1. Consider the stretch 45-75. How many of its residues are farther than 15 Å from ALA100 by Cα, of a type in the set (S, T, N, Q) and free of Cβ contacts under 8 Å to residues at least 60 places away in the same chain?
2. Restricting attention to strands (runs of 3 or more DSSP E) lying wholly within the stretch 91-208, give those where 2 or more residues are over 30 Å from MET224 (Cα atoms) and in contact with a Gly (Cβ under 8 Å, 6 or more places away or on another chain).
3. Can you name the residue in the stretch 308-322 that is open to solvent by 50 Å² or more (accessible area, probe 1.4 Å) and out of contact with any Asp or Glu (no Cβ under 8 Å at 6 or more places or on another chain) and is also nearest to LEU219 (Cα to Cα) among such residues?
4. So in the stretch 207-258, with the set limited to residues that are open to solvent by less than 10 Å² (accessible area, probe 1.4 Å) and among the β-branched types (Val, Ile, Thr), which one is nearest to MET167 (Cα to Cα)?
5. Determine which member of the set THR247, THR229, THR205, THR258 is out of contact with any helix residue (DSSP H, G or I) (no Cβ under 9 Å at 6 or more places or on another chain) and within 12 Å of ILE281 (Cα to Cα).
6. I need every pair where a residue in the stretch 269-281 that is within 28 Å of GLU236 (Cβ to Cβ) has its Cβ under 7 Å from the Cβ of a residue that is among the small types (Gly, Ala, Ser), sequence separation at least 6 or different chains.
7. Residue check: is ALA232 within 27 Å of MET253 (Cα to Cα), of a type outside the set (Val, Ile, Thr) and not in a loop (DSSP other than H, G, I, E, B)?
8. Scan the stretch 180-195 for residues that are open to solvent by less than 10 Å² (accessible area, probe 1.4 Å) and among the aliphatic types (A, V, I, L, M) and jot them down.
Amino acid sequence: MRAWTVFTLLAITFFGISGTSAVFVSQHSPSSNQWSTLINLLDGQNRFHNFLELLDSSNLFPKINTSLHFTVFAFPDSVFDGFPPNYIQALKADQVKLDALIGLHVILNTDYMFHGVVNQILTSSNFEHVRINEYNLLHINTAQGVNVTTMNQEVVHGHVHIIDGIMKAPVPILPQYLTTRPDLTKFDNLIIQENLQDFFKSDTTSTIFLPNNDAWAKLSPHVMEYLNTHSADLTEVLKYHMSKASTLYSIGMRNKLTIPSANVHHDQLMILQDGNGDFSIEHAQLIQIDISSETGVFHVIDHVLLPPRVLIAMETSGIVLG
């Protein structure tokens, strides 16, 4: 019999059952009830078998039970549709990988409720950042960019939030992350060339659009020559790919939404959406989305973004742009 089933049965000894309702009939310390009430909540919905099985197999059992407060982001069985048939068993057999995955979905010593705060960072049980975003205009809430479908379900000393996907741990900040991506070396080299390493890690709620190497290769030699000989304009181009104080995951994007860039003029960037639902920023298509980072979120794009004043300066210099 699975441990979570045992705890469900034990919980019945603490609660009187009348019809389908549980009535509290005995006093027990909060630490003895935290785990059982979490199990009762999820098991009663009959769609969290895999999450409970993985949670039970992790090393979080005693930590949740002894935590002063806790928050759980639970995913339903349906998130595994399309996964290999043996995925769950393979995950359970790899304790390190299991604890990393489940540990990201449990916040210890923090009872978090969604309450209208736009950007917030929690620390998971395995000490990773979990980024909370509330897109209030859209009535959408996310954790690591994953949609929160049901929020603020109360249990003893904590809350459970239901998400419709599996969260991923954040990647390193810039420029460290760029060193792990062979397809982003050009952007990395230019950041170093312009001494912008500190700038791109200065904001913990930023959105950065990363042009890949192919995007830079699409620029004409005359454009690259101009940028390499006009440092201030190149700096403007690089900063134009960042928006500060707004962590914009794809779930919060809408057609013709504008966000301010981080260049000196704070030129606006426009999100566009095509008939297939795919997003672009200006003319650059987002070819990889929602890469959570310690400083915000990254999206990889297939064209370099050039701010209006730099475009005009190049035209004034006689450079013909395609």
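The values are calculated or read from the model by the stated rules, or taken from the named source; none is laboratory data. Because the structure is a prediction, the values reported are computed rather than measured. Neighbour counts are summed over all protein chains in view; Cβ atoms, including those assigned to glycine, are modelled from backbone coordinates with ideal geometry. Surface accessibility is based on the protein's heavy atoms, side chains included, excluding ligands, DNA and RNA. Shrake-Rupley method; radii C 1.70, N 1.55, O 1.52, S 1.80 Å.
1. 5
2. On the way: elements: 106-108, 119-123, 129-135, 140-143, 146-155, 158-163.
Per the criteria, 129-135, 140-143, 146-155.
3. Restricting attention to the stretch 308-322, the residues satisfying the condition of being open to solvent by 50 Å² or more (accessible area, probe 1.4 Å) are 308-309, 311-312, 315-318, 320-322.
From what's left, out of contact with any Asp or Glu (no Cβ under 8 Å at 6 or more places or on another chain): 311-312, 315-318, 320, 322.
Details: LEU311: 12, ILE312: 16, GLU315: 14, THR316: 17, SER317: 16, GLY318: 15, VAL320: 11, GLY322: 9 Å.
Filtering first and then ranking leaves GLY322.
4. Among them, the one singled out is THR247.
5. Details: THR247 fails: within 12 Å of ILE281 (Cα to Cα); THR229 fails: within 12 Å of ILE281 (Cα to Cα); THR205 fails: within 12 Å of ILE281 (Cα to Cα).
Residue meeting the stated conditions: THR258.
6. Pairs found: LEU269/SER243; LEU269/SER261; LEU272/SER280; PHE279/SER250.
7. Details: within 27 Å of MET253 (Cα to Cα): no; of a type outside the set (Val, Ile, Thr): yes; not in a loop (DSSP other than H, G, I, E, B): yes.
Taking the combined requirement at face value, the residue does not satisfy it.
8. If we filter the stretch 180-195 for residues that are open to solvent by less than 10 Å² (accessible area, probe 1.4 Å), which is where we start, we get 184, 187, 190-191.
Passing the criteria: LEU184, LEU190, ILE191.
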